[in-house]
Amino acid sequence: MAHTPDNIGPRRLVVGAHYGTADWLAQRLTAIVMAAYTLVLLVSFLFAGDIGYESWAGMFARQWFKLFSFVALLSLFYHAWVGMRNVWMDYVKPVVLRLILQLATIAWLVGCAAWAAQILWKV
């Protein structure tokens with residue numbers, strides 16, 4: 001009789017089940033937000049008439065547009081985080097290096113979000 005390994009069958013240790021589902025859903029939801037923002041921006045651009053600093057500043061001066069822009073940027077940053085985290089986890093095997101790269105990615109994305117908020121609310 002052949003010996004079967006302990007990691008198959010009913011005694012199998014299952015780890016990581018359904019973790020990919022949340023990432024998949026996050027990528028799709030953030031992509032939908034970014035696509036909706038792109039459409040709003042495109043329609044605003046097409047019906048703006050005069051395309052100059054005044055019209056762009058006027059468009060971004062509206063509170064709802066600032067908020068929608070910031071939500072779209074946060075979606076972009078989270079979308080990038082999910083993608084980069086998966087790249088680091090899949091291709092960088094040394095745990096310490098992977099952690100450093102993930103922390104650097106988080107710092108970069110949080111810095112970009114803070115800078116985006118500063119830019120949007122200066123207009």
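What follows draws every value from the coordinates through simple rules; no lab data is involved. The model shown is predicted, which means the values in this text are computed figures rather than measured ones. Here the Cβ is made from the backbone with ideal geometry for all residues, glycine too, and neighbour counts use every protein chain on show.
As a size descriptor, the averaged projected area of the C-alpha convex hull of segment 18-120 was calculated at 7.7 nm². Taking a Cβ cut-off of under 14 Å around Thr30, the surrounding Lys, Arg, Asp and Glu residues balance to a net charge of +1, with basic ones at +1 and acidic ones at -1.
Determine, from the Cβ-Cβ distance of Lys93 and Gln27 and an R0 of 30 Å, the FRET efficiency 1/(1 + (r/R0)^6), rounded to the nearest 0.05.
Working: r = 24 Å, r/R0 = 0.79.
Result of the calculation: an efficiency of 0.80.
Defining a contact as two alpha carbons under 8 Å apart and six or more residues distant in sequence, what relative contact order in percent does segment 18-120 show? Computed value for segment 18-120: 34 percent relative contact order.
For the peptides 56-62, 69-75, residues were scored by their other Cβ atoms within 10 Å and the scores averaged per peptide; the highest-first order is 69-75, 56-62.
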